[in-house]
Amino acid sequence: MYFTTALISLIAALGVSAAPLSSSSISPRTESRPVTHLVEVGKNGLTYTPPFITANPGDFVQLNFFAKNHTFVQSSFADPCTPLTNGIFAGFQPSNITAESTGFVTFKTVTFEVGTSAPLWFYCAQANHCQSGMTFAINPPAGSVEKFDAVAATKTQNIAPAGGPVGVAEGLEVVFIEGTNSTKYGRR
């Protein structure tokens, strides 16, 4: 009895209530953690998979390069297949990993941080890959990817920036690929 009386007195003194909290008293979390978006370059031919993403400022994009030799170059919406001055450039990334590769493989990776919520446009500067539809977008407005690809198909030149990578971090990542054409990665 003494214990029960003491517990009730303590609860009353601390002002603890057994009444449920109303949902208006709980503030929603406004901050978000950065997300890393994985993009497979050249896995299914002349494609970036997925062909576009929605990302927040502070998110990261990691590119895993498949065979044969692809790039990732930032352009403007108005001028596909032409590098944006001071834009992101991943350099040329030769690889022998194919869509049929299984087991442990070592990807050449390129990672960069998204710095804006505005649309960003990219292409592969290898041969005529851009004109063939090897393009990528971050935060594209509805219907704009198709327009970007249509303009890219009309370009007579596919221009690669001079020099090496700009605005990216290069690395290697060992992953385990489960079965053919699988997008399930097991990190080592």
Checklist entry - Regarding LEU172, is this residue free of Cβ contacts under 8 Å to residues at least 60 places away in the same chain and either closer than 14 Å to VAL41 by Cβ or under 18 Å from the mean Cα position of the chain (by Cα) (or both)? => result no
Item to check | Residue check, PHE122 buried (at least 20 other Cβ atoms within 10 Å of the Cβ), at pLDDT 95 or above and of a type in the set (Phe, Trp, Tyr) | outcome: yes
Checklist entry - Out of curiosity, is VAL41 in contact with an Asp or Glu (Cβ under 9 Å, 6 or more places away or on another chain) and crowded, with 23+ Cβ neighbours inside 10 Å? => result no
Item to check | Near pairs, Cβ below 7 angstrom, 6+ apart or cross-chain, from region 125-145 (closer than 23 Å to ALA67 by Cα) to any residue that is assigned to a loop (DSSP other than H, G, I, E, B) and of a type in the set (Lys, Arg) | outcome: CYS130/LYS155; GLN131/LYS155
Next on the checklist: Being of a type in the set (A, V, I, L, M), surrounded by 15 or more Cβ atoms within 10 Å (Cβ to Cβ) and more than 19 Å from the chain's Cα centre (by Cα) is true for just one of ILE97, ILE88. Which residue is that?
Outcome noted: ILE97
Checklist entry - Filter region 50-67 for residues that are closer than 21 Å to ALA152 by Cβ and free of Cβ contacts under 8 Å to residues at least 40 places away in the same chain; which is surrounded by the most Cβ atoms within 10 Å (Cβ to Cβ)? => result PHE66
Checklist entry - In region 136-173, how many are loosely packed, with under 11 Cβ neighbours inside 10 Å, under 19 Å from LEU63 (Cβ atoms) and not small (Gly, Ala, Ser)? => result 1
Checklist entry - Does region 103-117 hold any residues that are among the β-branched types (Val, Ile, Thr) and surrounded by 12 or more Cβ atoms within 10 Å (Cβ to Cβ), and which are they? => result VAL105, THR106, THR109, VAL110, THR111, VAL114
Checklist outcome for this item: Looking across region 116-143 at residues that are part of a loop (DSSP other than H, G, I, E, B) and among the hydroxyl-bearing types (Ser, Thr, Tyr), the single one that is nearest to ASN86 (Cα to Cα) is THR116
Next on the checklist: Checking THR183 against (1) of a type in the set (S, T, N, Q); (2) at pLDDT below 95; (3) within 15 Å of PHE89 (Cβ to Cβ): exactly one of these is not met. Which one?
Outcome noted: (3)
Item to check | Failed criterion for LEU84 (all others in (1) touching a Gly at 6+ places or on another chain (Cβ under 9 Å); (2) aliphatic (A, V, I, L, M); (3) free of Cβ contacts under 8 Å to residues at least 40 places away in the same chain hold) | outcome: (1)
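The values are calculated or read from the model by the stated rules, or taken from the named source; none is laboratory data. Predicted, not measured: the structure shown is a model, and the values here were computed from it. Counting neighbours? That spans all protein chains shown, and the Cβs are built from the backbone with ideal geometry, glycine included.
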